[in-house]
Amino acid sequence: MYKRQLIYGKENIACEERSLDRKKLDECLVRTQKGDKGAFSRFYAETARGVFAFLYGYYRAYHRTEDATQDVYLKALKNVASYRPGTDARAWLLQIAKNTALNDLKRERREAYLPEEEFERILRGERAETSAFEALERALNERERDIVLLHVLWGFKHREIAEQLGLPLGTVTSKYKDAIAKLKKFLKEETE
């Protein structure tokens, strides 16, 4: 069996080349809970490739996946006390990875894709520079505009919009549907 050296801080830990089984991964996390940093190094060495592959399915970009993989292990080390001995260490780690990816992607969808100055003009009610926002301003009332912007631009679900605006879910859904129909009609008339 081949051996390789993993360096963690100033320690050198010999790790077997084949993957550790479920029991040994559990043992690594239990030892980490007791302060053994070398055990976490071994855990990392044996699981990092799998976590990277798992995260790549979410990010589809090498560098972003590398960054997320490091975030996952930092979170795992920070929260190792929450690991329950005797459970599946890989499942625990992949749940952290999944939550990290979903939170990152959700945050990205909610970020504004507009220059900050233009977004501030929209919030102040001033006329926007882009024709899409002109169409929103001219075709929709303020409530409809808010719902469309929150859903399309920020990526909020109708349920989340209803909570934020203090409206029933059915009202938000119907106002969104009506607003889209108004926008289509407005844009069709503008192009004719």
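Just checking: which of the helices (runs of 4 or more DSSP H) contained wholly in segment 52-147 hold 1 or more residues that are modelled with pLDDT of 90 or more?
62-78, 89-110
Could you tell me which residue of segment 160-184 is nearest to Ala135 (Cα to Cα), considering only residues that are basic (Lys, Arg) and without any contact (Cβ under 8 Å) to a residue 40 or more places away in the chain?
Going residue by residue through segment 160-184, those that are basic (Lys, Arg) are 175, 177, 182, 184.
From what's left, without any contact (Cβ under 8 Å) to a residue 40 or more places away in the chain: 175, 177, 184.
On the way: Lys175: 17, Lys177: 16, Lys184: 10 Å.
Checking each candidate, the answer is Lys184.
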If the Cβ limit is 6 Å and pairs must be 6+ apart or interchain, which residue in segment 63-86 that is within 13 Å of Ala48 (Cβ to Cβ) pairs with which residue that is open to solvent by 70 Å² or more (accessible area, probe 1.4 Å)? Thr65/Tyr56; Tyr73/Tyr44
Subset of segment 47-62 [under 18 Å from Glu108 (Cβ atoms) and touching a residue at least 40 places away in the same chain (Cβ under 8 Å)]: Leu55, Tyr58, Tyr59
Positions within segment 135-159 being touching a Lys or Arg at 6+ places or on another chain (Cβ under 8 Å) and either in contact (Cβ under 8 Å) with a residue 60 or more places away in the chain or acidic (Asp, Glu) (or both), in sequence order: Glu137, Glu144
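Mind counting the residues in segment 154-192 that are in a helix (DSSP H, G or I) and either of a type in the set (D, E, K, R) or within 26 Å of Leu105 (Cα to Cα) (or both)?
Going through segment 154-192, the residues in a helix (DSSP H, G or I) turn out to be 158-165, 169-191.
From what is left, the residues that are either of a type in the set (D, E, K, R) or within 26 Å of Leu105 (Cα to Cα) (or both) are 158-165, 169, 172-173, 175-178, 180, 182, 184-185, 188-190.
Number satisfying all stated conditions: 22.
The values are calculated or read from the model by the stated rules, or taken from the named source; none is laboratory data. Bear in mind that the values here come from a model prediction, so they are computed numbers and not experimental data. FYI the Cβ positions are ideal-geometry reconstructions off the backbone, even for glycines, and counts take in every protein chain you see. These accessible areas exclude ligands, DNA and RNA; they are computed on the full protein's heavy atoms, side chains included. Shrake-Rupley method; radii C 1.70, N 1.55, O 1.52, S 1.80 Å.
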